[in-house]
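Asks: What follows is a structure written as structure tokens; I'll ask about it next.
The values are calculated or read from the model by the stated rules, or taken from the named source; none is laboratory data. Quick caveat: nothing in here was measured; it's all calculated off a predicted structure. Note: ideal-geometry Cβ built from the backbone for every residue, glycine included; neighbour counts use all protein chains shown. Areas reflect the complete protein model, heavy atoms only, side chains present, ligands, DNA and RNA absent. Shrake-Rupley method; radii C 1.70, N 1.55, O 1.52, S 1.80 Å.
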Amino acid sequence: WDDFITMIGNKILKTNPSDSEIVVSMASYFNDTEHPDKALAICGDYMQRDSTNLGVMRQYGYAAHLLGNSKEALETYKKLEANGFDNYESAMIIGYSLLKLDSAWNARPYLRKAVEKRKEGEYASLLHLGNAYIACGEYGEGIGCLYEVIETITPKNDLYYSLYNSIGEAYYKQKIYEKAAKAFLECTKYKSDNPLVYYNIAQMCKGMKD
């Protein structure tokens, strides 16, 4: 089915390469069906002729985000923001891109905005905000965000290991060894065969004795 849609879409695009509505529709389909490389390609081709269409620009930026090209996603969504595209999606992607580009301090206000605008049950923005706080040395705020993510996720899944591990590391950086040990102990519930977890617990116990 995907191949059929792609074939039909490509035929339409060949005869209507400057039709922005068709480009946006096809790019949206590709982004939604885990083919962001195709979305990036058709939007990039269109933008060589018209770089001002916000709909095409949005699909291009989102495709870049899905492909992990944080620099391109950031530049594109900043242009969208300057043109009035200011919502959860823009705040989230700008914030996340800044975080991935080692600019956690600048990421925080965008991620805070994304948290404020998020739908009920959405936790990605809260997770990234927690990581941004921790990266800036604001451990209390970061740990609070991560614990809120833990309360949000149901059922429990593999993300719990990463969350408790980040919490443990944040407590360790503050030399709060007992709470760090408890967080690392929680990690054993999700990756009981990971020797690093037990090493971390042992180091925290050692820290409590010193």
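Asks: What are the pairs, 6+ residues apart or on separate chains, where a residue within segment 25-41 that is of a type outside the set (A, V, I, L, M, F, W, C) has its Cβ under 7 Å from a residue that is open to solvent by less than 50 Å² (accessible area, probe 1.4 Å) and in a helix (DSSP H, G or I)?
Replies: Ser28/Gln59; Tyr29/Ile5; Asn31/Ala39; Asn31/Gln59; Asn31/Ala63; Pro36/Phe30; Pro36/Ala63; Lys38/Phe30
Asks: From the list Gly68, Gly61, exactly one residue is open to solvent by less than 20 Å² (accessible area, probe 1.4 Å) and of a type outside the set (A, V, I, L, M, F, W, C). Which is it?
Replies: From the options Gly68, Gly61, the qualifying one is Gly61.
Asks: Could you tell me which numbered condition Phe184 fails, if it satisfies all but one of (1) at pLDDT below 95; (2) in a helix (DSSP H, G or I)?
Replies: Condition not satisfied by Phe184: (1).
Asks: The conditions are (1) open to solvent by 30 Å² or more (accessible area, probe 1.4 Å); (2) farther than 24 Å from Met92 by Cβ, and Gly140 fails exactly one of them. Which is it?
Replies: So Gly140 meets the others, but not (2).
Asks: Looking only at segment 105-114, filter to residues that are in contact (Cβ under 8 Å) with a residue 24 or more places away in the chain and buried (at least 23 other Cβ atoms within 10 Å of the Cβ); which one of those is nearest to Ala170 (Cα to Cα)?
Replies: Across segment 105-114, the extreme among qualifying residues is Ala107.
Asks: Return only the number of the condition from (1) open to solvent by 80 Å² or more (accessible area, probe 1.4 Å); (2) assigned to a loop (DSSP other than H, G, I, E, B) that Lys206 does not satisfy.
Replies: (2)
Asks: For segment 49-90, what are the residues that are more than 13 Å from the chain's Cα centre (by Cα), in a helix (DSSP H, G or I) and free of Cβ contacts under 8 Å to residues at least 24 places away in the same chain?
Replies: Selection gives Met57, Glu72, Glu75, Thr76, Tyr77, Lys78, Lys79, Glu81, Ala82.
Asks: Right, next: Considering Leu159, Leu146, Leu126, which residue is within 15 Å of the chain's Cα centre (by Cα) and open to solvent by 30 Å² or more (accessible area, probe 1.4 Å)?
Replies: Of the residues listed, the single one that is within 15 Å of the chain's Cα centre (by Cα) and open to solvent by 30 Å² or more (accessible area, probe 1.4 Å) is Leu159.
Asks: Only one of Ile167, Ile176 is buried (at least 20 other Cβ atoms within 10 Å of the Cβ), free of Cβ contacts under 8 Å to residues at least 60 places away in the same chain and among the β-branched types (Val, Ile, Thr). Can you tell me which?
Replies: Residue meeting the stated conditions: Ile167.
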